[in-house]
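These notes concern the structure reproduced below.
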Amino acid sequence: MFSCQQKNETIITDNSVAKTDRPLTEYVNTFIGTGGHGHTYPGATMPFGMMQLSPDTRLDSWDGCSGYHYTDDVIYGFSHTHLSGTGVSDYGDILLMPTTKPILHNGADGKEGYSSKFSHDNEKASPGYYEVHLDDTDIDVRLTVTERAGIHEYRFAKARTNTSS
């Protein structure tokens, strides 16, 4: 048996319970790794869950292989599956985008479709939750997940036609 203590040294133990005034989830910054080459996404997910519901701000390039890059200012949609930190692109399945724009019937071409500008000032994320305001269409988006389902909430401005593509 090995020991780093001297033989006659008194051992002090503290059995008190750590106190916290705030939930530990308030210390989590889901945007860490979303810029540079971190290849992470800020969206809603659960540990070991099947959903990684998050915005897609890039449709190509290595820097956006998680579907999101912090330097971007356009959202093409919200997809339900993402890889985090892998450095390789995959998933991005089931892309949805609320819109008030005319329906184009152009397939999955996001660059010619329903994208919208957004500002990081109007973007919030915490474990299991993501929220953003879409500037071009004046739509508020809220996303959350369960272990096997993604839940979207869209709030449209009152004077517009509501569409989801």
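The values are calculated or read from the model by the stated rules, or taken from the named source; none is laboratory data. Given the structure is predicted, the values throughout are model-derived calculations rather than measurements. Here the Cβ is made from the backbone with ideal geometry for all residues, glycine too, and neighbour counts use every protein chain on show.
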Return the pairs, sorted by first residue and then second, in which the second residue is surrounded by fewer than 18 Cβ atoms within 10 Å (Cβ to Cβ) and among the aromatic types (Phe, Trp, Tyr), the first residue lies in the stretch 56-80 and is at positive phi and in contact (Cβ under 8 Å) with a residue 12 or more places away in the chain, the beta carbons are less than 8 Å apart, and the residues are 6+ apart or on different chains.
GLY67/TYR91
Tell me, which residue of the stretch 42-62 that is of a type in the set (Gly, Ala, Ser) and either over 23 Å from HIS133 (Cβ atoms) or in a loop (DSSP other than H, G, I, E, B) (or both) is modelled with the lowest pLDDT?
SER61
Which condition number does ASN162 fail, the rest of (1) surrounded by fewer than 18 Cβ atoms within 10 Å (Cβ to Cβ); (2) of a type outside the set (Ser, Thr, Tyr); (3) modelled with pLDDT of 80 or more being met?
(3)
Looking at the structure I just gave you, is THR137 more than 17 Å from the chain's Cα centre (by Cα) and at pLDDT 85 or above?
yes
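Quick grid of which residues meet (1) of a type outside the set (A, V, I, L, M, F, W, C); (2) modelled with pLDDT of 80 or more:
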{"site": "THR71", "(1), (2)": "yes, yes"}
{"site": "VAL74", "(1), (2)": "no, yes"}
{"site": "GLY77", "(1), (2)": "yes, yes"}
{"site": "HIS82", "(1), (2)": "yes, yes"}
{"site": "SER89", "(1), (2)": "yes, no"}
{"site": "LEU95", "(1), (2)": "no, yes"}
{"site": "LEU104", "(1), (2)": "no, no"}
{"site": "ASP109", "(1), (2)": "yes, no"}
Check whether at least one residue in the stretch 119-130 is buried (at least 18 other Cβ atoms within 10 Å of the Cβ), at pLDDT 95 or above and closer than 18 Å to ILE94 by Cβ, and report yes or no.
yes
Quick one: what pairs do we get from the stretch 121-136, first residue under 21 Å from GLY49 (Cβ atoms), second of a type in the set (Ser, Thr, Tyr) and outside any strand (DSSP E or B), C-beta under 7 Å, 6+ apart or different chains?
ALA125/THR30; SER126/THR25; SER126/THR30; PRO127/THR25; PRO127/THR30
So which residues in the stretch 43-74 are over 12 Å from the mean Cα position of the chain (by Cα) and farther than 12 Å from GLU147 by Cα, if there are any at all?
ARG58, LEU59, ASP60, SER61, TRP62, ASP63, GLY64, CYS65, THR71, ASP72, ASP73, VAL74
In this structure, does SER3 turn out to be surrounded by 13 or more Cβ atoms within 10 Å (Cβ to Cβ) and either modelled with pLDDT of 90 or more or in a loop (DSSP other than H, G, I, E, B) (or both)?
no
HIS39 vs. criteria within 24 Å of ASP121 (Cα to Cα) and either at pLDDT below 90 or basic (Lys, Arg) (or both):
yes
